[in-house]
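The values are calculated or read from the model by the stated rules, or taken from the named source; none is laboratory data. Bear in mind the structure is a predicted one, so any value in this text is a computation, not a measurement. Glycine gets a Cβ as well: all are built from the backbone with ideal geometry, and neighbour counts include every protein chain shown. Side chains included, ligands, DNA and RNA excluded: accessible areas come from the protein's heavy atoms. Shrake-Rupley method; radii C 1.70, N 1.55, O 1.52, S 1.80 Å.
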Amino acid sequence: MKRGLAVLLLAFQILSAPAYARRRAVGQPSNGSLPVANFIDTEIGAKLQQNGIAPAQRSGDTEFLRRITLDLTGTIPSPADVDAFLADGRTDKRARKIDDLLRSDAFVDRWTLWFGDLVQNVQVSDNAREYYLGKNAYYAWIKDSIRTAKPYDAMVRELLAGEGDSFQSGVANYVVRQLQRNGPPQDTYDNLATHSAEKFLGIPVLCISCHSGPSHLELVNIYLRGKTRDDFWKMAAFFSRAAARGTRYTDPANPNANLIRYDVVSNANGSYRLNTTDGNKSPRAPAPGQSDTVTPAFLLTGEQPRAGEAYRAAYGRMLTADRQFARATVNYLWKEMFGRGLVEPVNGFDLARLTVQPSHPALLEALADELISKGFSLREMLRTIASSNAYQLSSSYGGTAPDQSYFARRLPRRLSAEVLLDAITTATAVPIQLPVQGMANVTKAMQLPDPLDARRSPASQFLDRFGRGNRDDVARTNDSAISQALSLLNDPIVTNRVRRTNNSTVQKVLAATNDPGTVADQLYLATLSRRPTAAERTIAINYLRGGTLAERAEDLQFALLNTLEFLFV
C-alpha cells in the first residue's frame with residue numbers, strides 16, 4: 001500500500017497499547033482450583049493441584065466467543081454475533097452458543113475438512129489417483145455423514161468395507177486412495193492396514209510392516225516391540241479380498257482427460273500370500289514350516305473373522321469395537337480443541353504405556369467412556385470438551401506459564417491456512433471465488449474438498465504459504481514463517497480487500513458514519529471480534545483524524561489484519 005510506513009507505525013502503536021491483552025483475562029492466574037463443570041475439570045484440576053500449579057483465569061466473553069466459533073466452525077463471529085453474545089445476560093449463554101454452533105452449516109464444513117485431512121482425501125498422490133470425480137464423491141460422503149450426525153464408528157466401518165464405483169460411491173475411495181500401483185497387491189493391503197491402524201487406532205504399525213519389533217523398537221514403542229511382521233501380515237490379510245478394477249473413463253465434461261474409474265469389490269475368495277520379492281517392502285516369505293497363506297487376525301486381540309463374515313466388514317467390526325479406537329478418536333478431537341493431544345504424537349500410542357504415556361491417563365479413559373456412552377457422536381464429544389472450564393481458560397497467564405501438557409491455560413495457535421483466508425474474507429466482507437473441478441465455485445476455503453483444488457486461483461499460493469499441505473507428502477502445519485508476514489503485508493488477497501470498494505467492510509462502515517470513534521469500533525468488531533480498549537480507541541481516533549478518513553479507515557483495518565491477535569486464536 002502507498003501509505004505502508006504510516007500503517008506499520010499504526011500497527012506498532014496498537015501492539016504497544018497498555019491494554020493489548022484485549023479480550024483475554026488480564027492479571028495473575030487464579031488463586032484457587034479449577035472450577036468443575038464436568039469430569040474433564042476434575043482430572044485437569046487434580047493434576048494442577050497435585051503439582052502446585054494455578055490455572056489461568058476464565059476467559060472473557062469475547063475471547064471465549066472467538067475461540068469457540070473458530071474451533072467448532074472455522075469462522076470468526078460477526079459483529080452482530082459479538083454484540084448479541086455480550087448483551088445476553090443468561091448464565092447459560094456459553095452452553096447455548098456451543099449448541100448453536102454445533103447445529104450450524106459451518107460446523108459441517110469445518111469437521112468435513114478435518115476428516116478429509118485424516119483420511120487424506122486428495123485427487124492425486126504419489127502412489128494413487130482418485131481423480132477429481134472420486135475425490136468429489138468422497139468429499140460428498142464425508143460431508144453428508146457429518147451433516148446427518150452419523151456415528152463416528154459407523155463412518156469408519158463404512159469406509160473400511162466400502163465398495164462400488166469410485167466416481168459414484170464415496171467410500172470406495174478409501175481403498176483407491178491406498179492403491180500401490182508399482183508393486184504387488186500385498187503392498188496395497190499393507191498400505192490399508194498401516195493407514196487404518198494409524199488414523200483410527202493411533203498406532204504406528206508401519207515399522208513392523210518391514211521387520212519385526214524385537215531388537216528394533218525397544219526405545220520407540222514397547223507394545224510394538226513385542227509384535228512381529230507376521231502379526232502385521234495377519235492384519236493386512238483382512239484386505240486381501242478387496243480389489244479395485246480400473247477401466248478407462250471418458251469424462252463428458254473433459255473428453256481429452258485420461259481418467260480411470262475403479263470398481264471396488266470384495267471377492268469371495270483371496271488370501272495374503274508370502275510370495276513376493278519385489279515392490280515397496282522387503283521380501284515376504286514364510287518361516288520354515290509356516291504356510292505361505294496368512295489367516296486374518298486383529299493385531300490387538302488376535303480375533304479372526306467369523307464363519308462367512310466378509311474380511312473387511314470383520315476388520316471394521318473389530319477395530320471400532322476395540323477400546324483403543326475410542327481412545328484414539330477422543331485424542332484426535334482433544335488436539336483439535338486444545339492444540340495438543342493427551343498423547344503426543346496423536347498417531348504414536350504405545351499400548352504398553354497407557355498409564356504413563358498420556359499426560360492425563362485417567363482423563364483419556366474417561367473421555368473414551370464418554371464417547372462410547374454417547375454412541376460415538378462427534379457433536380456430543382465436542383460439546384463435552386467445549387463445556388469444560390479447562391477448555392474455557394484464558395490464554396493469558398501471569399508470569400511463566402507451566403508446561404503445555406498441564407493445560408493450565410489456553411495454548412494460542414496460529415489459524416490454519418483455510419481458516420485464515422476465510423477470516424480475512426469475512427472480516428473485510430469481500431468474498432472469494434475458488435474454482436473446484438466438477439463442482440460449482442466455492443466461496444470458502446473451508447469448503448475445498450482437497451488442497452489440490454483451486455490451484456489456479458490467486459488464493460493458492462497464499463494457502464500454501466500458511467501450511468495447508470497436500471494430504472500426501474507435505475503435512476499440514478501451523479508453523480510460522482517470514483513468507484506469511486510478507487503475504488499479510490503485500491498479498492492482494494489482503495490489500496485489495498481493505499479498500500473502500502466491492503461493498504467491503506470499510507466501504508459499508510464509511511457509508512454509515514464519519515465519526516472516527518464509531519469507525520474504530522466497527523472495524524475492531526469486524527476484524528478482531530471485539531471493541532477496542534480505551535487506549536486502542538484513542539490511538540485509532542488520533543490516526544483517523546490525522547488525514548483523509550476514508551484512506552485511514554483502510555489503513556486501520558489493514559493494520560488490524562496484520563496483528564498477532566488476528567492471526568492466532
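Based on the alpha-carbon gyration tensor of the range 99-207, what equivalent-ellipsoid semi-axes (square roots of 5 times the eigenvalues) come out, in whole Å, largest first?
Details: eigenvalues 126, 51, 27 Å².
In descending order, the three semi-axes are 25, 16, 12 Å.
State in Å² the accessible area per residue of the range 250-309; use a 1.4 Å probe, count heavy atoms of protein chains only, and round to the nearest integer. Working shown, then result.
Working: 3540 Å² over 60 residues.
That works out to 59 Å² per residue.
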**Study point:** For the range 159-258, convex hull volume per residue from C-alpha positions, Å³
**Key:** 120 Å³
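Please report Rg over Rh for the range 466-541, where both radii come from the alpha carbon positions and Rh follows the Kirkwood definition.
Numbers: Rg = 16.7 Å, Rh = 14.9 Å.
Over the Cα atoms of the range 466-541, Rg/Rh equals 1.12.
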Exercise for review: Among Val506, Ala310, Leu560, flag the residue with its Cα farthest along the positive direction of the charge dipole of the chain, charges on Cβ as +1 for Lys/Arg and -1 for Asp/Glu.
Suggested key: Val506
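Using the C-alpha gyration tensor of the range 272-341, what are the square roots of 5 times its eigenvalues, in whole angstrom, with the largest one first?
Details: eigenvalues 208, 70, 20 Å².
Ellipsoid semi-axes (Å, largest first): 32, 19, 10.
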Review point. After finding the eigenvalues of the alpha carbon gyration tensor for the range 407-542, what semi-axes result from the square roots of 5 times each, listed largest first in whole Å?
Key: 30, 20, 12
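Sort the range 319-383 into rounded, prolate or oblate with this rule: let a ≥ b ≥ c be the square roots of the eigenvalues of the Cα gyration tensor; rounded if a/c is under 1.5, and if a/c is not under 1.5, prolate when a/b is larger than b/c, oblate otherwise. Each step should come with its number before you reach the end.
Numbers: a/c = 1.74, a/b = 1.27, b/c = 1.37.
Judged from the Cα gyration tensor, the range 319-383 comes out oblate (a/c at least 1.5, b/c at or above a/b).
Using just the helices of the chain, give the 222 nm mean residue ellipticity in deg cm²/dmol: DSSP H runs with n ≥ 4 each add -39,500 (n - 2.57), and the total is spread over all residues, rounded to 500.
Values: 25 runs with 263 residues, N = 569.
Mean residue ellipticity, 222 nm, calculated: -14000 deg cm²/dmol.
Give me the one-decimal Kirkwood hydrodynamic radius in Å for the chain, with the sum taken over alpha-carbon pairs.
Computed over the chain, the radius equals 25.7 Å.
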Point to revise | the chain, accessible surface, carbon-and-sulfur percent (1.4 angstrom probe) | key: 51 percent
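Counting residues in the range 367-466 as N, plug N into 2.2 N^0.38 Å and put the Cα Rg over that result. Let's see the in-between values first.
Numbers: Rg = 18.5 Å, N = 100, 2.2 N^0.38 = 12.7 Å.
Ratio of Cα Rg to 2.2 N^0.38 Å: 1.46.
If you average 1/r over all unlike Cα pairs in the range 25-86 and invert the result, what Kirkwood radius do you get in angstrom?
Working: mean 1/r = 0.0745 Å⁻¹.
Evaluated over the range 25-86, this radius sits at 13.4 Å.
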Practice item. Along each of the three principal axes of the Cα atoms of the range 219-360, give the extent in whole Å, ordering the values from largest to smallest. Key: 54, 51, 32
Review point. When the C-alpha atoms of the range 289-442 are aligned to their principal axes, what extent does each axis show, in angstrom, from largest down?
Key: 68, 50, 32
Practice item. Could you do me a favour and compute the accessible area per residue for the range 344-463, 1.4 Å probe, result in Å²? Key: 35 Å²
Practice item. Compute the accessible area per residue over the range 124-177, keeping the other protein chains in place, probe 1.4 Å, unit Å². Key: 31 Å²
Point to revise | Under 30 Å from the Cα of Lys444 - lysines, other chains or at least 8 residues apart | key: Lys2, Lys93, Lys97, Lys135, Lys143, Lys150, Lys199, Lys335, Lys508
